[in-house]
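Below you'll find the structure, written out as structure tokens, and then a few comments.
The values are calculated or read from the model by the stated rules, or taken from the named source; none is laboratory data. As the structure is a computational prediction, the values presented were derived from the model and not from experiment. Cβ placement follows ideal geometry from the backbone for every residue including glycine, while neighbour counts extend to all protein chains displayed. We work out accessible area using only protein heavy atoms, side chains counted, and drop any ligands, DNA or RNA first. Shrake-Rupley method; radii C 1.70, N 1.55, O 1.52, S 1.80 Å.
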Amino acid sequence: MAYQETTVTGYGTRLKGSLKGIITGIIMFIIGTGILWWNEGRTVRTSNANKDAYKETTIVSNIATIDNTLNGKMIHTSGFATTKDSLIDHQFNIGANAIKLIRTVEYYQWVQNAESKKKDKFGGSEETVTTYTYEKKWVSSPQNSAEFKDPEYKNKNFTVSNIESETFLAGNVTFGAYTLPTFLSRQISGEQVFNVNLSKEKIQLLNSSVKSVLQGKTSLLETPYQSNGEYVHVNANEIYLGANAATPAIGDVRITFHKVMPANVTIWAKVINNTFEEYHSDNGYSVSALAMGTQSLDQTFQGEQEANKTIAWLSRLLGVLLVILGLKGIFNILVILLKVIPFLSNILNLGVNVVCILIGLIWSLLVIAIAWIFYRPLLAIALLLAAGGLIYFLIKRSKAKKQANSESITTIE
């Protein structure tokens with residue numbers, strides 16, 4: 001069953017909270033404005049850096065030998081990235097000849113979910129009813145059940161072993177006659193299942209460790225503990241620590257392994273002797289890219305430009321959201337002051353939300369437009385016109401409402 005917790009926040013406490021909210025709101029407003037301004041400069045400079053790199057790029061078709069004439073130049077080329085390194089996971093004594101060896105760990109745990117419903121009371125207080133529900137899930141890290149609200153689930157979690165997820169990366173990845181630096185080789189993708197083969201000694205050691213943990217957790221076990229049971233199960237790329245992988249129990253751990261094998265890749269980077277580094281544009285921004293498979297220079301360039309646009313829009317969305325939430329935090333005190341009469345405060349809250357959204361959007365458009373004056377003058381003019389049109393619409397609408405109200409009063413008289 002669900003567990004509920006009810007708390008009441010007094011009117012005075014809510015007022016104090018709203019005063020703190022003003023400070024938080026100002027900080028959020030400033031940060032949001034800063035993000036909007038910084039993002040426009042970042043977007044333009046990144047785009048210009050990509051264009052500069054594109055103009056200076058030499059397309060290379062053969063990387064079988066080192067060409068000294070390319071030293072210091074930005075090149076675009078495709079080839080086979082490979083390695084002779086053997087990556088070893090010493091915790092399980094397994095290894096593979098691969099560019100990456102990836103260990104992913106999951107824990108079967110009780111997870112607490114919380115859903116809160118707030119209700120204003122006459123006099124300005126607020127009642128919050130929080131409903132806590134619990135479910136068993138595979139999660140990436142152990143859950144601290146000591147902090148659970150429901151006593152029935154408190155301290156119910158444990159794990160038979162604490163193991164961290166980890167990625168092992170080859171230190172020597174060759175690309176034709178060249179060597180890929182780490183910042184490029186870590187971008188190579190294409191995970192494949194890596195089948196595990198544990199030694200008998202390792203299985204026995206793990207089994208003994210799990211049994212030792214279980215013996216100290218007998219009160220938490222969901223099934224009767226069997227002292228002669230086997231608690232280490234290996235199947236393909238998975239190591240399962242628990243009684244039965246088909247019916248997981250709290251405390252069980254599963255570890256899966258994947259590898260990234262040598263593959264054809266396309267790189268866009270600056271040659272430095274027998275390796276590569278990022279291209280540094282005159283505006284201070286750097287350019288480099290690695291894509292899977294074979295791509296043309298135009299495809300790689302367009303991919304980087306599209307990625308830049310995606311980051312730009314996500315940053316704009318974040319900045320606008322912070323600005324609006326900041327304004328909401330600043331003006332929320334007006335709503336709290338009227339909480340003694342919940343019905344009226346709800347109406348005011350709706351109005352404050354609308355005003356904060358409108359002001360936030362206008363402010364954000366103005367900040368972006370002013371930033372564009374420095375970076376994109378022509379687009380800035382269009383954006384300023386859009387902001388001006390929105391302001392004009394609001395003013396015109398306000399005047400129309402006043403006129404309608406005035407005519408209504410005259411008619412009644």
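Pairing each residue of region 299-313 that is modelled with pLDDT of 95 or more with any residue that is surrounded by 15 or more Cβ atoms within 10 Å (Cβ to Cβ) and of a type in the set (D, E, K, R), provided the two are 6+ apart or on different chains, yields C-beta distances under 9 Å for N308/R42; I311/R42; A312/E40; A312/R42.
Among the numbered conditions (1) in a loop (DSSP other than H, G, I, E, B); (2) within 30 Å of K202 (Cα to Cα); (3) modelled with pLDDT of 95 or more, the only one that I255 does not meet is (1). Selection of first residues in region 119-133 that are farther than 20 Å from I336 by Cβ and of second residues that are open to solvent by less than 30 Å² (accessible area, probe 1.4 Å), restricted to Cβ pairs under 8 Å at least 6 apart or on distinct chains, gives the following pairs, ordered by first then second residue: Y132/F148; Y132/D150.
Would you mind finding the one in K73, K121 that is over 30 Å from the mean Cα position of the chain (by Cα), of a type in the set (D, E, K, R) and within 30 Å of I311 (Cβ to Cβ)? Of K73, K121, the one residue that is over 30 Å from the mean Cα position of the chain (by Cα), of a type in the set (D, E, K, R) and within 30 Å of I311 (Cβ to Cβ) is K73.
So which residues in region 312-371 are of a type in the set (K, R), assigned to a helix (DSSP H, G or I) and within 23 Å of S125 (Cα to Cα)? Outline the logic, then answer.
Within region 312-371, the first condition is being of a type in the set (K, R), and the residues that meet it are 316, 328, 339.
With the extra rule that they be assigned to a helix (DSSP H, G or I), the set shrinks to 316, 328.
Across region 312-371, the qualifying residue is only K328.
Quick one: in region 83-106, of everything that is among the β-branched types (V, I, T) and open to solvent by less than 40 Å² (accessible area, probe 1.4 Å), which residue is modelled with the lowest pLDDT? Before the answer, list the steps.
As a first pass, look at region 83-106 and keep what is among the β-branched types (V, I, T): 83, 88, 94, 99, 102, 104-105.
Next, only the ones that are open to solvent by less than 40 Å² (accessible area, probe 1.4 Å) stay: 83, 94, 99, 102, 105.
Values: T83: 97, I94: 94, I99: 98, I102: 97, V105: 98.
Only one residue tops the list, namely I94.
Every listed requirement among (1) within 30 Å of N113 (Cα to Cα); (2) open to solvent by 30 Å² or more (accessible area, probe 1.4 Å); (3) among the charged types (D, E, K, R) is met by E191 save one, (1).
The set of residues in region 17-51 that are surrounded by fewer than 13 Cβ atoms within 10 Å (Cβ to Cβ) and of a type outside the set (A, V, I, L, M) contains only K20. Per this entry, T159 is not counted among residues that are among the hydroxyl-bearing types (S, T, Y), in contact (Cβ under 8 Å) with a residue 24 or more places away in the chain, touching a Ser or Thr at 6+ places or on another chain (Cβ under 7 Å) and surrounded by 13 or more Cβ atoms within 10 Å (Cβ to Cβ). Of all residues in region 139-196, those satisfying the criterion of being within 15 Å of D85 (Cα to Cα), touching a helix residue (DSSP H, G or I) at 6+ places or on another chain (Cβ under 9 Å) and of a type in the set (G, A, S) are A170, G171. The strands (runs of 3 or more DSSP E) falling completely within region 1-114 that include 3 or more residues that are closer than 23 Å to E191 by Cα map to 74-83, 86-89, 94-97. Among the residues of region 237-252, the one identified as crowded, with 22+ Cβ neighbours inside 10 Å, out of contact with any Gly (no Cβ under 8 Å at 6 or more places or on another chain) and more than 16 Å from K137 (Cα to Cα) is I239. Taken over region 361-396, the criterion of being of a type in the set (G, A, S) and without any contact (Cβ under 8 Å) to a residue 60 or more places away in the chain is satisfied by A369, A380, A382, A386, A387, G388, G389.
Taking the condition open to solvent by 40 Å² or more (accessible area, probe 1.4 Å), in contact (Cβ under 8 Å) with a residue 40 or more places away in the chain and closer than 18 Å to R103 by Cβ, does K217 pass? So K217 does not fit the description; no. Within region 52-69, the set of residues being under 19 Å from F301 (Cβ atoms) and either open to solvent by less than 70 Å² (accessible area, probe 1.4 Å) or of a type in the set (G, A, S) (or both) comprises D52, A53, T57, T58, V60, S61.
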